[in-house]
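Since the structure comes first, as structure tokens, the remarks are kept for the end.
Taken together, the values in this text are just the output of simple stated rules run on the coordinates, not laboratory data. Nothing here was measured: the structure is a model prediction, and the numbers come from that model. Here the Cβ is made from the backbone with ideal geometry for all residues, glycine too, and neighbour counts use every protein chain on show.
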Amino acid sequence: MLRAAHTRRRPWLAAADANPRRLRTAAGTRRRPWLTVGGAALAAVLALSACSPGTGVSATPTMPGAGDSYYPDLGNAGYEADHYALSLDIDPVRGSLSGTATIDARATADLPKFSLDLVGLDVQGVTVGGQVATQSRQGNKLVVVPARPVSSGAHFTVAVTYSGTPQPMADASGNRTGADKVGWHHDGDEVYVASEVSGARTWYPVNDTPRNKATYSFALTVPAGYTAVANGTLRGQTPHGSGSTFAWEATAPVASYVATVDVGRFVAIDASGPHGLPITVYAPPDLAASARERFAQLPDMISYFESLLGPYPFDTAGAIVVSPGFRWSLETQTRPVYGSQVLTMNQETAAEGISHELAHQWFGDSVTPSNWSDIWLNEGFATYLSWLWLEHSGQRDFLTGLMTTQYGYELNAPDYATLLNHSDLPPEQILPILRRLFQPDGHPVPDAQILSAMGLSSASGLTSAKALGLLGVKPGSADATSYLEDARSSAPISPPASDLFTGGVYNRGAMALQALRLRVGDAAFFRILSTYAAAHRYGNATTDDFIHAAESVANSDLTAFFQTWLRDPKAPPMPQLLPTQ
């Protein structure tokens, strides 16, 4: 059973059963569609059919955050960081680091003191403008009192010397998938960083808000035999003691949650994209051949997205393949990070995921939401663009199943919620729910087969618990919580702050774009995407900014349309699929 809803993290679970004749429910789960779950009860239904005609971060600190409506303690007030220079000595065996973060910033208010986001780690000293500053810790804030107050409008430099063994932390979004820890990860002798939403502060002092994008330079010293990878362009590798220092530079602004450092025994696989764009994929030596083959379509994907969205936003592209223990992927800027399971998936599933992360380079990395509540501008867009790639590359059957199954989650969440909320539901109300959910290819499964899969000969013994067991949903689980949340509201622009990456953000967000495409026509639709991408390139945007672009290009008042698709709690009917879909 293909369980098919999105979070921006991909729980790279292996397929439990690839039998194409197995019955799928009309809905999925909150997780990325890369998960197949086999269950004994469901297997019984499918066998008969074959024979028959998706917590908070910390206590509120005393220092003010950046004011995000969902996570107000993230980020810091009173200044904007312009550039981070991270000079780090990294031990990949221990997972530890030591070094200095130098931050060039501009004060937006008078600053007798200010703060940086930092969790754990030992701070040896802080200077502001070259003068020793007083530092203390308040919750997850590093509070800095400069020797002389910084005046509003002044440019200033902060240098923080620190060390320790960073630990990943609970995600600010309360995400309960396999990616419940974000930030600095250490596995064996490999280090990798995936920080969305709040993990950047696990490994360097930072103004950890997407509103404050900055450029980065990295000087990463690692032992001999290891390679250090970061965002942007590799400027050089120089000997340093018994190891090497890798110098990386990201000249385009980077949001802190897509900054990354990855250290391992990597092989660099080079390719060339459109206009001579350098593409480098990093992978462990034993996976290099598979990685070369799996990411061979990156140049074509970039060319295709450029034809729709305008120029690729950055100087380099590629990917980083890391530990199989990393069971998702993240659009770290210029070079997304993938768990090695991406190399063993079927081609269509992998292409959907790789194109999704590539699309984020335009929507999420270049154009970044001003507020976390607008996360659909990342995930709905990347989901839809991955569908466009599948449409473009002729994967019609796979795409049709993907779109209908994923959106089916939003449409059918109320049925799941009914079963979850009513343990004493009578059989005559349960059976119609199961009839609606078990309709492979639009054809209902006979009641006798559904009942038999639960060990029942008649409907008299049917209970909500038995139905949920057949559907593979356990009360109290993350999936159950997501069904209940989306049953209350699947509106893309109002996901719950306690579980930011709901199915509505991905699936209904993507379908909103499909509906917009049908509403305004292909020419206007693709002009809307490119206009929006260009207008906010390297900056931040809100949902209202996108609506303004859509209405301006289409020369139409789309208030009612966006109310239906983005704000109304109940998911609208699925829009028509195009002939190529």
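Computed from the alpha carbon positions, the gyration tensor of the chain leads to an equivalent ellipsoid with semi-axes of 42, 25, 25 Å, biggest first.
How much net charge surrounds S370 when only other residues with a Cβ under 12 Å from its Cβ are counted (Lys, Arg +1; Asp, Glu -1)? That sum, taken over residues with Cβ under 12 Å, equals -2. Beta bridges per DSSP, both residues in the chain: antiparallel share near 80 percent. Lysines within cross-link reach of K181: Cα-Cα under 27 Å, excluding same-chain residues under 8 positions apart? K181 reaches K141, K213, K474.
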